[in-house]
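Please read through the structure below; I'll follow up with questions.
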Amino acid sequence: GDIGRALALQPAPPTLTSLSADGVAMAAYAKGVDLMLKGDTVAAAAAFDEAVTKDSGFTSAWVQLAGANDKLGRDEEALEAARQAVAQLGERSGRISFEARALEASLAGDFSRAQQVLTALVARYPHDVEARVTLAEAYGEEGQLDRAQAELKTIVAASPNHPRASYLLGKFAILAGDHRSAADDYLVRALVIQNRLGNLQGRADAENALGIALYELGRFDEARQHYQNAIDLRRQIGD
């Protein structure tokens, strides 16, 4: 990203051993962000963990660590990281504070509180697509499937290549019993986008969800193949 390009312009980049603790933390954070974009969540979590070990006040790294652990199903570690992020924020009220507080509430199972925080975030930053996707996910997690799907359809209409929005549409369609739309539309689109991005974690999530939808439709051989694809992808990233 921009950090990597900036470092590449330096005539004699320092080695990690010559960097300050803050510099090491930033390098680890940048590595984690890059790994998340590639879908290597396991390695990304390790990088974010290194960042907060070097700089315990690195709020953004705590938030990213919470998100990575959440994706990996490490519930207790994710919640602890989110709590650390909120503790570091104090009374600050920028975007990162909204994100951290919403994530903490969601991981603690307080989806109503998460919605309140995210609604305030979207009100302040109405064009923030990621905030709107996260809000839609909070609706869905609380069982407001119609509301979640309506929000996600609006997002996909404006940003058709958003991979997580398409995946969540598929997920919530499955929960709503609309397995055909999930299998033949939303999740196929999500998988195509993740393939284009080369995101292994995103591909695995879409493959797994496709397996669920196809199983519910009685297309067992196809379902089995998508489940196997998800297993193979997750093994590649050590999940």
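The values are calculated or read from the model by the stated rules, or taken from the named source; none is laboratory data. Computed from a predicted structure; not experimentally measured. Neighbour counts are summed over all protein chains in view; Cβ atoms, including those assigned to glycine, are modelled from backbone coordinates with ideal geometry. Note: areas computed on protein heavy atoms with side chains; ligands, DNA, RNA excluded. Shrake-Rupley method; radii C 1.70, N 1.55, O 1.52, S 1.80 Å.
Taking the mean number of other Cβ atoms within 10 Å as a proxy for protection, how do you rank 225-236, 27-38 from highest to lowest?
The packing order, highest mean first, is 27-38, 225-236.
Same structure again: Can you give the charge dipole size of region 15-174 about its Cα centre, rounded to the nearest 20 debye, using +1 on the beta carbon of Lys and Arg and -1 on the beta carbon of Asp and Glu?
Details: 16 positive and 22 negative charges, 89 e Å.
With Lys and Arg at +1 and Asp and Glu at -1, about 420 debye.
If packing is taken as the average number of other Cβ atoms within 10 Å across a peptide's residues, how do 76-82, 100-106 rank, most packed first? The partial results should precede the final answer.
Details: 76-82: 20.1, 100-106: 24.6.
Top of the packing list down: 100-106, 76-82.
Now for a different question. Given Cα pairs under 8 Å that are at least 6 residues apart, what percent is the relative contact order of the chain? Each step should come with its number before you reach the end.
Details: 318 pairs, mean separation 30.5, N = 239.
Rounded, it is 13 percent for the chain.
Go ahead and estimate [θ] at 222 nm for the chain from helices alone: -39,500 (n - 2.57) per DSSP H run with n ≥ 4, summed, over the residue count, rounded to 500. Before the final figure, lay out the partial values.
On the way: 13 runs with 179 residues, N = 239.
Calculated at 222 nm, the ellipticity per residue is -24000 deg cm²/dmol.
Using the Cα centre as the reference, give the magnitude of the dipole from point charges on the C-beta atoms of region 83-211 (Lys, Arg: +1; Asp, Glu: -1; all else neutral), rounded to the nearest 20 debye.
For region 83-211, the charge dipole is close to 280 debye.
Still on this structure, please answer the following. Let me check I've understood the local charge: for Gly202, count other residues with C-beta under 13 angstrom from its C-beta, Lys and Arg +1, Asp and Glu -1. What total comes out? Before the final figure, lay out each step's value.
Details: positive: Lys38, Lys71, Arg164, Lys171, Arg189, Arg196, Arg203, Arg234; negative: Asp40, Asp205, Glu207, Asp239.
Summing Lys and Arg as +1 and Asp and Glu as -1 gives +4.
Around Phe172, what is the net charge, scoring Lys/Arg as +1 and Asp/Glu as -1 over all other residues with Cβ under 15 Å from its Cβ? Walk me through the numbers on the way to the answer.
Values: positive: Arg132, Arg147, Lys153, Arg164, Lys171, Arg180, Arg189; negative: Glu137, Glu141, Glu142, Asp146, Glu151, Asp178, Asp185, Asp205, Glu216.
Net charge in that neighbourhood comes out at -2.
Now a separate question. Helix 187-197 against the longest principal axis of the chain: what's the angle in degrees, Cα atoms only, rounded to the nearest 10?
Taking Cα atoms only, the helix is inclined about 30 degrees.
Note the angle between two axes, namely the Cα long axis of helix 95-107 and the longest principal axis of the Cα atoms of the chain, as a number of degrees from 0 to 90, rounded to the nearest 10.
Tilt of helix 95-107: around 50 degrees.
For region 82-239, what D do you get in µm² per second when you plug the Kirkwood radius from alpha-carbon pairs into Stokes-Einstein at 25 °C and 0.890 mPa s?
Working: Rh = 16.4 Å.
Estimated diffusion coefficient is 149 µm²/s.
Accessible area per residue for region 114-239 in Å², computed with a 1.4 Å probe and the full protein assembly in place, what is it?
Details: 6150 Å² over 126 residues.
Result: 49 Å² per residue.
Where Lys and Arg each count +1 and Asp and Glu each count -1, what net charge lies around Ala43 among other residues with Cβ under 12 Å from its Cβ?
After counting each charged neighbour, the total is -3.
While we're here: Calculate how steeply helix 21-38 sits against the longest principal axis of the alpha-carbon atoms of the chain, using the helix alpha-carbon long axis, and give the answer as 0 to 90 degrees to the nearest 10.
Between the helix axis and the principal axis of the chain, the angle is about 20 degrees.
OK, next. Any chance you could check the Cα centroid distance between region 39-69 and region 190-239 for me, in angstrom?
26 Å
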